[in-house]
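The values are calculated or read from the model by the stated rules, or taken from the named source; none is laboratory data. The model shown is predicted, which means the values in this text are computed figures rather than measured ones. With ideal geometry, Cβ positions are generated from the backbone for all residues, glycine too; neighbour counts draw on all protein chains shown. Surface areas here come from the heavy atoms of the whole protein model, side chains and all, with no ligands, DNA or RNA. Shrake-Rupley method; radii C 1.70, N 1.55, O 1.52, S 1.80 Å.
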Amino acid sequence: MMEKIIMLGVGNGGPLELYNTCFVVQNESGNFLVDTGGSIEIIKRLNESNIDYKSIKHIFISHSHTDHILGIFWLFKKISRDVMHGNIKDRINIYCNDVVYEAINGVSKYILPDKLMKAIYSIVDFHVLEDGDKYNINGTDYTFFDIQARGTKQYGFECILNNKRIAFLGDETLNPNLYDRFKNYDYVMHEAFCLDSEEEIFHAYEKNHSTTKSVSEVMNKLNVKNLILYHTEESHGKDRKELYTKEAQNYFNGHVIVPDDGEVIEIN
């Protein structure tokens with residue numbers, strides 16, 4: 001099976017029709033879930049992509065914003081019941097920074113009964129990340145790193161999929177301190193909060209986000225080959241993909257990918 005990325009959601013924290021940005025890296029060895037969105041809809045999105053939540057043994061949560069972390073509690077609720085009925089016995093690995101770890105532990109006690117959390121903690125291994133930590137997940141080596149976010153502490157990762165270098169940069173504008181690190185990359189996954197013409201409406205910059213134009217200009221200077229844009233607004237409905245792609249292509253010479261919810265991205 002060729003390694004691929006299944007975008008469960010591509011929206012930022014505001015949209016009602018798009019799901020919050022999260023995705024699965026899938027290969028023949030398994031499914032690696034990256035972020036969980038902000039609601040029970042994570043279960044629906046997995047089902048729609050023909051991914052059994054019980055098959056997910058590795059989860060990475062980039063940061064503690066609600067649109068990335070709250071879905072984990074609905075997964076916990078489903079998983080805990082399977083554990084208690086003997087339907088899940090394999091270990092589940094959760095990778096996150098210390099702020100995310102503290103948030104998960106802090107929120108859990110208010111929304112999930114002790115017996116469910118006891119079941120969860122009986123099979124879950126938390127890996128609290130430090131900058132540069134490396135883990136092999138489903139046969140692929142991942143390096144996790146601090147994206148040096150201006151807001152909430154946030155981690156991304158880099159890896160090689162199908163012999164292509166790929167970086168997931170979370171949902172903040174790439175810090176200039178990291179520009180040299182990602183020069184000439186094959187694939188970069190980067191947020192694009194809104195179109196440049198709508199910056200005064202959505203205020204991407206004051207939220208430490210990018211417009212499609214601004215991120216495309218930076219990635220073009222870094223000679224990135226393929227740019228995957230996500231964490232967008234939904235103000236243009238079905239025209240969103242076309243409009244974001246067109247704006248990006250005006251400033252980026254490589255291949256632009258603006259996925260929809262549920263879209264599969266083949267890495268080749």
Just to be sure before I move on: is Thr152 open to solvent by 10 Å² or more (accessible area, probe 1.4 Å), closer than 30 Å to Pro15 by Cα and polar (S, T, N, Q) in the structure I sent? yes
Step by step: first the residues of the stretch 1-32, then only those that are surrounded by fewer than 20 Cβ atoms within 10 Å (Cβ to Cβ) and of a type in the set (S, T, N, Q), then the one that is farthest from Met189 (Cα to Cα). Which residue is that? Ser29
Write out, first by first residue and then by second, each pair whose Cβ atoms fall under 6 Å of each other, whose residues are 6+ apart or on separate chains, and whose first residue, in the stretch 139-166, is farther than 25 Å from Ser64 by Cβ while the second is open to solvent by less than 60 Å² (accessible area, probe 1.4 Å) and part of a loop (DSSP other than H, G, I, E, B). Leu161/Glu3; Leu161/Ile267; Asn162/Glu3; Asn162/Ile267; Lys164/Asp186; Lys164/Ile267; Arg165/Tyr185; Arg165/Asp186
Farther than 22 Å from Glu263 by Cβ, touching an Asp or Glu at 6+ places or on another chain (Cβ under 6 Å) and not small (Gly, Ala, Ser), is that true of Ile88? yes
Are any residues in the stretch 1-38 of a type outside the set (D, E, K, R), part of a loop (DSSP other than H, G, I, E, B) and farther than 22 Å from Glu172 by Cβ, and if so, which ones? Met1, Met2, Leu16, Ser29
Mind counting the residues in the stretch 136-149 that are open to solvent by 60 Å² or more (accessible area, probe 1.4 Å) and either of a type in the set (D, E, K, R) or not in a loop (DSSP other than H, G, I, E, B) (or both)? 2
Count - residues of the stretch 33-58 that are open to solvent by less than 30 Å² (accessible area, probe 1.4 Å) and of a type in the set (S, T, N, Q): 2
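Which of the helices (runs of 4 or more DSSP H) found entirely inside the stretch 51-114 contain at least 3 residues meeting this: basic (Lys, Arg)? Working first, answer last.
Values: elements: 66-69, 71-84, 98-111.
So the answer is 71-84.
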Of (1) closer than 30 Å to Ile43 by Cβ; (2) open to solvent by less than 40 Å² (accessible area, probe 1.4 Å), His236 satisfies all except one. Which? (2)
